[in-house]
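The values are calculated or read from the model by the stated rules, or taken from the named source; none is laboratory data. Everything quoted here is computed from the prediction, not taken from an experiment. So basically every Cβ, Gly included, is an ideal-geometry build from the backbone, and we count neighbours across all protein chains shown. Each accessible area value is taken on the protein alone, full model and side chains, heavy atoms only, with ligands, DNA and RNA left out. Shrake-Rupley method; radii C 1.70, N 1.55, O 1.52, S 1.80 Å.
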Amino acid sequence: MNNSSKDFDPPYRKNMDSRAAEQDRGIHDSLSLIQHKYIVTSNKRGIGKTSLAANLAVALSKRKVKVGLIDLDLHGTNICNMLGLQGIYETDVNKQFVPESYSDYLKVISIESIMKDVNQSVIWRGDLKTHVIQQFIADINWGDLDYLIVASISGAGDEPLAVAQVIQDARVIFVSTSEKEYLPHARKQVRELINLYENTQNSILGFVENMCGLFCKNCGKTGEGVFREAIIFSVSYLGRIPIDSNMPYCTAAGQSYLEKYPNSEAARGYELIVDKIIEDSRSKKSVIKKIAIPIAEGRLFPSFGKATEFAIFHIQNQQIIKKEILHPSSHGPDVLPDWLHDLGVSIIIAGNMGSRAMENFRVKGTTVITGSSSVSPDELVQQHLSRNR
């Protein structure tokens, strides 16, 4: 299905008051299975915010973690074009957009791709854009992700405020450029931007200096511009991306800069920033873990090796946020350990399990709890959570 196949009406056609609760549920469902979220923004346009977000997402995905990249800027560079994607999305059975796959580890979607063929004559005023951004976020089926990189809207207006309010548990990355002297109005814009995210309870990860001169490998600096501003605003300095004349050519050709120039100075800059993002995400306590239970007829199935149905529970902050029933495609000595590991399961609650299977799970870092009673899987999970509060 193409973009226009989904009923994505502009806000003036809908009663927003009556849809508010439904939209809130949609936003929660869309974002609840994503462990770590990062908003990339800037105080002004034209300083490579979209390019930085795209390259950070590609660099993260090369670490073999599941990454989503969403472009929420209705007026900026289309991130799908930048990565050589078509920007055409299918919809699932719930009429949610399914992002395009850039690779096995990276999914991408852009609001500009969705809206480019819809109601071109509409004058998108601030409140309309705010509502359409919220609806768009609610209408995406990401599935499970380790990281979500959000290319937000520049500045401190209604649109970036809407993004911040919807994704309140995101960390914020500010993008700026090297300047010998920060002009007073630029510093005022940065302060307004910091205040916006602090007021919406979004914590700030730090500054990235983009499009700078070649940096010193020993001290890691080019000059005092953004580094000095980070100190002034008491914000961490994450690193810099040096100027490379190949970047605009890659963007125009729809090629990933990191794929084409993996050994460049700029690619090294992205890798160093990704190191800090991963370090930051590992320091967070609120992560999603998965518990798997073999079942039959709605109860624990005691013979693990013969199970054909599993209840998979997603747990965050000691609460069940999602439950799904899944079936392995086949059986065999190594099938279930590999299948459950690929699903991201970290805990298995079972009745009986052979020693070989337990060793296979132990090697993969999966915790196995045996000797459980044949009751409902929901009851078993609640018992486990109560014991571990």
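Tabulated data for the structure shown
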{"read-out": "Residue that is farthest from Val65 (Cα to Cα), among those in the range 260-290 that are among the small types (Gly, Ala, Ser) and not in a helix (DSSP H, G or I)", "value": "Ser264"}
{"read-out": "Test: residue in the range 350-364 that is closer than 29 Å to Ser30 by Cβ and small (Gly, Ala, Ser)", "value": "no"}
{"read-out": "Single match in Ile293, Ile312 (criterion: under 15 Å from Ile349 (Cα atoms), touching a residue at least 60 places away in the same chain (Cβ under 8 Å) and outside any helix (DSSP H, G or I))", "value": "Ile293"}
{"read-out": "Residue check, Ser61 over 21 Å from Ile204 (Cα atoms), touching a residue at least 40 places away in the same chain (Cβ under 8 Å) and either hydrophobic (A, V, I, L, M, F, W, C) or in contact with a strand residue (DSSP E or B) (Cβ under 7 Å, 6 or more places away or on another chain) (or both)", "value": "yes"}
{"read-out": "Set Ile320, Ile315: member being touching a Lys or Arg at 6+ places or on another chain (Cβ under 9 Å) and at pLDDT below 90", "value": "Ile315"}
{"read-out": "Scope the range 161-189; condition over 22 Å from Lys95 (Cβ atoms), open to solvent by 10 Å² or more (accessible area, probe 1.4 Å), modelled with pLDDT of 85 or more and out of contact with any Lys or Arg (no Cβ under 9 Å at 6 or more places or on another chain); matching residues", "value": "Leu161, Gln165"}
{"read-out": "Boolean, Glu265 is charged (D, E, K, R), touching a Pro at 6+ places or on another chain (Cβ under 7 Å), at pLDDT 90 or above and on the phi < 0 side of the Ramachandran plot", "value": "yes"}
{"read-out": "Total residues in the range 321-340, condition open to solvent by 60 Å² or more (accessible area, probe 1.4 Å) and under 23 Å from Gln383 (Cα atoms)", "value": "3"}
{"read-out": "Gln135 vs. criteria in a helix (DSSP H, G or I), open to solvent by 20 Å² or more (accessible area, probe 1.4 Å), modelled with pLDDT of 85 or more and under 24 Å from Ile114 (Cβ atoms)", "value": "no"}
{"read-out": "Flag for Ala54 being in a helix (DSSP H, G or I) and at pLDDT 75 or above", "value": "yes"}
{"read-out": "Residues that are β-branched (Val, Ile, Thr), open to solvent by 50 Å² or more (accessible area, probe 1.4 Å) and either assigned to a loop (DSSP other than H, G, I, E, B) or at pLDDT 85 or above (or both), drawn from the range 341-373", "value": "Thr367, Thr370"}
{"read-out": "Members of the range 79-95 found to be open to solvent by 10 Å² or more (accessible area, probe 1.4 Å) and within 27 Å of Leu161 (Cβ to Cβ), listed by number", "value": "Asn81, Met82"}
{"read-out": "Members of the range 7-45 that are among the polar types (S, T, N, Q), at pLDDT 80 or above and assigned to a helix (DSSP H, G or I)", "value": "Ser30"}
{"read-out": "Selection from the range 62-77 of residues that are open to solvent by less than 10 Å² (accessible area, probe 1.4 Å) and out of contact with any Pro (no Cβ under 7 Å at 6 or more places or on another chain)", "value": "Val67, Leu69, Ile70, Asp71, Leu72, Asp73"}
{"read-out": "Residue list for the range 147-160, filter: open to solvent by 10 Å² or more (accessible area, probe 1.4 Å) and farther than 15 Å from Phe136 by Cα", "value": "Tyr147, Ser154, Gly155, Ala156, Gly157, Asp158"}
